[in-house]
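One structure below.
Rule-based calculations on the coordinates, nothing more; no lab input. These figures come from a predicted structure and were not determined experimentally. Please note: Cβ atoms are built from the backbone with ideal geometry, for glycine as well, and neighbour counts cover all protein chains shown.
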Amino acid sequence: MPGFPIPDDARRFLLGVIPSVPHLEALLLLRGHPLHWPVAQLAGRLYIDADTAAALVQDLADAGLATCTDEGCRYAPADAATATTVDEVAVLY
């Protein structure tokens, strides 16, 4: 939206770390519900297939934003600064 300021740290995060809207939506879904999400359940909530969901969460894990185990995936930012930025992005979204 024209005239809607996006803080620099949020802009850098979105442009540098989040490759697509589905990645952002997966991240925010994981952040909003801190339990382990089975990939199939996450896929259903995002209206994508399980293979795509698995790739998304792997990308998020590679970026230090999530962890995945046999139980599923969960939000796990690498540090407090990243968590703060994700919180800011969530408010903006």
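Observations
- Computed FRET value (nearest 0.05) for ALA61 with ILE6, which takes r as the C-beta separation and R₀ as 30 Å: 0.75
- The stretch between ALA90 and LEU46 holds 14.2 nm of extra length on full extension. This uses 0.36 nm per residue minus the Cα-Cα distance.
- Here is the list for segment 1-88: chymotrypsin sites (Phe, Trp or Tyr not before Pro) lying in DSSP coil, each with at most 13 other C-beta atoms within 10 angstrom of its C-beta, are TYR47.
- Descending Cα extents along the principal axes, the chain, whole Å: 41, 27, 20
- Taking the C-alpha atoms only, the angle from helix 50-62 to the longest principal axis of the chain is near 50 degrees.
- Relative contact order, whole percent, for the chain stands at 29, derived from Cα pairs under 8 Å and 6 or more residues apart.
- A simple spin-label model places pseudo-atoms 7 Å from Cα toward Cβ; at GLU71 and VAL21 they are separated by 3.3 nm.
- For the chain, with +1 on Lys and Arg beta carbons and -1 on Asp and Glu, the positive-most of VAL57, THR85, GLY72 along the dipole: THR85
- Rounded to the nearest 500, the 222 nm mean residue ellipticity of the chain from helices alone is -18500 deg cm²/dmol, with -39,500 (n - 2.57) taken per DSSP H run of at least 4 residues.
- Seen against the Cα atoms of the chain and their longest principal axis, helix 80-92 is set at about 80 degrees.
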